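Worksheet: the structure to be examined is printed underneath.
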Amino acid sequence: MNAYHFLEDVTNTFVSLILFDEDPNQVEIAIYDGMDGIVNNPLFTFWSELFPKGVRIIRNDPFPRNTCFARSITNMYGMRSHFTEFGGYKTDTYCSSPILKGFRSWAIEKLQIDGTVPVKRLTLLFISRRQYLSSRSITRVLVNEDVILETIKTRFPSLNVVVFRPETYKTFKEQTVIAVQGNILVGVHGAGLVYSMFMTPGSHLIEIFMDDRNSMNRHYHNIAMWMGLQYHSIDFHGKVIPPEQIVNVIDIAVKDLIKMSTTAYTHG
């Protein structure tokens with residue numbers, strides 16, 4: 001399951017509840033899953049973590065015969081979401097989004113994640129793309145990922161470098177905790193970069209374009225703008241990227257974060 005398109009559905013639900021002034025604690029979610037997805041997938045668990053009244057997967061008649069709904073809300077089509085309709089191919093935005101920021105705050109509160117704990121070391125999250133549950137072949141993979149990681153650790157010994165593979169966590173909350181703790185997120189263009197929306201404003205997103213994705217794909221640039229993040233991109237079309245290209249951008253991000261923390265400390 002693709003985390004990017006999954007969060008389109010979740011944020012659409014959030015927007016619908018705002019528009020109709022519905023209490024999320026009193027809303028039951030019904031999900032039509034025509035692909036027979038794995039219901040213990042971390043992305044599926046997110047629904048029940050946000051909506052305590054319950055989630056029904058519409059397969060094999062989940063509702064009793066002759067069920068009548070006193071009220072029901074049907075979401076807009078996912079691809080018409082805030083993410084894609086105004087933030088996809090060749091479309092730039094530079095404004096903040098109260099909707100997505102509101103969703104982030106609400107989701108973190110519902111998941112009982114404390115995003116205010118001061119971080120003693122800057123944390124860099126490196127999205128590692130590998131073949132996982134999906135039957136789709138994962139092609140945008142950096143062949144020299146190990147060399148890149150070793151170069152980053154050598155160049156920035158004070159950084160807490162975390163290799164982030166979202167699919168290895170059992171719940172969405174565990175995935176989100178990692179994202180909230182990150183100050184810099186580095187990764188190849190792909191669904192994993194959508195976790196940047198849970199990072200603290202002022203954090204840095206470094207997106208690497210390669211293979212079949214070029215810099216005209218503006219999804220994550222725009223999410224960064226909406227969420228108040230600093231955005232950088234590296235346009236490279238091979239599978240073996242020189243580590244220095246990534247390290248040089250990380251250096252810019254680290255210096256900016258140190259400057260921010262020093263300024264905040266001085267003014268505090």
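Please find, among LEU193, LEU149, the residue that is under 16 Å from ARG129 (Cβ atoms), touching an Asp or Glu at 6+ places or on another chain (Cβ under 7 Å) and either in contact (Cβ under 8 Å) with a residue 60 or more places away in the chain or surrounded by 17 or more Cβ atoms within 10 Å (Cβ to Cβ) (or both).
Step by step, each of LEU193, LEU149 is checked, and only LEU193 is under 16 Å from ARG129 (Cβ atoms), touching an Asp or Glu at 6+ places or on another chain (Cβ under 7 Å) and either in contact (Cβ under 8 Å) with a residue 60 or more places away in the chain or surrounded by 17 or more Cβ atoms within 10 Å (Cβ to Cβ) (or both).
Examine the stretch 237-244 for a residue that is part of a helix (DSSP H, G or I), under 17 Å from ASN144 (Cβ atoms) and either open to solvent by 40 Å² or more (accessible area, probe 1.4 Å) or touching a Ser or Thr at 6+ places or on another chain (Cβ under 6 Å) (or both), and state whether such a residue exists.
Within the stretch 237-244 (the criterion being part of a helix (DSSP H, G or I), under 17 Å from ASN144 (Cβ atoms) and either open to solvent by 40 Å² or more (accessible area, probe 1.4 Å) or touching a Ser or Thr at 6+ places or on another chain (Cβ under 6 Å) (or both)), the answer is yes, since at least one residue qualifies.
In the stretch 152-167, which residue that is part of a loop (DSSP other than H, G, I, E, B) and either open to solvent by 40 Å² or more (accessible area, probe 1.4 Å) or not aromatic (Phe, Trp, Tyr) (or both) is modelled with the lowest pLDDT?
It comes out as ARG165.
So which residues in the stretch 45-64 are outside any loop (DSSP other than H, G, I, E, B) and at pLDDT below 85, if there are any at all?
Once the filter is applied, which keeps residues that are outside any loop (DSSP other than H, G, I, E, B) and at pLDDT below 85, the stretch 45-64 yields THR45, ILE57, ILE58.
Can you pull out every residue in the stretch 168-200 that is closer than 16 Å to LEU229 by Cα and part of a loop (DSSP other than H, G, I, E, B)?
GLY182, ASN183, MET199, THR200
Which one is farthest from ASN144 (Cα to Cα) among residues in the stretch 216-236 that are open to solvent by 40 Å² or more (accessible area, probe 1.4 Å) and part of a loop (DSSP other than H, G, I, E, B)?
Looking at the filtered set, the residue picked out is MET216.
Any chance you could count how many residues in the stretch 5-31 are open to solvent by less than 10 Å² (accessible area, probe 1.4 Å) and not hydrophobic (A, V, I, L, M, F, W, C)?
Counting residues in the stretch 5-31 that are open to solvent by less than 10 Å² (accessible area, probe 1.4 Å) and not hydrophobic (A, V, I, L, M, F, W, C) gives 3.
For the stretch 65-85, how many residues meet the condition of being of a type in the set (S, T, N, Q), open to solvent by less than 80 Å² (accessible area, probe 1.4 Å) and either at pLDDT 85 or above or under 12 Å from PHE14 (Cβ atoms) (or both)?
Adding up the residues that qualify gives 3.
The values are calculated or read from the model by the stated rules, or taken from the named source; none is laboratory data. For clarity, every value in this text was computed on a predicted model and none was experimentally measured. Positions of Cβ are generated from backbone atoms using ideal geometry, with glycine treated the same way; all protein chains shown enter the neighbour counts. Just so you know, the surface numbers come from the protein's heavy atoms only, side chains and all, with ligands and any DNA or RNA stripped out. Shrake-Rupley method; radii C 1.70, N 1.55, O 1.52, S 1.80 Å.
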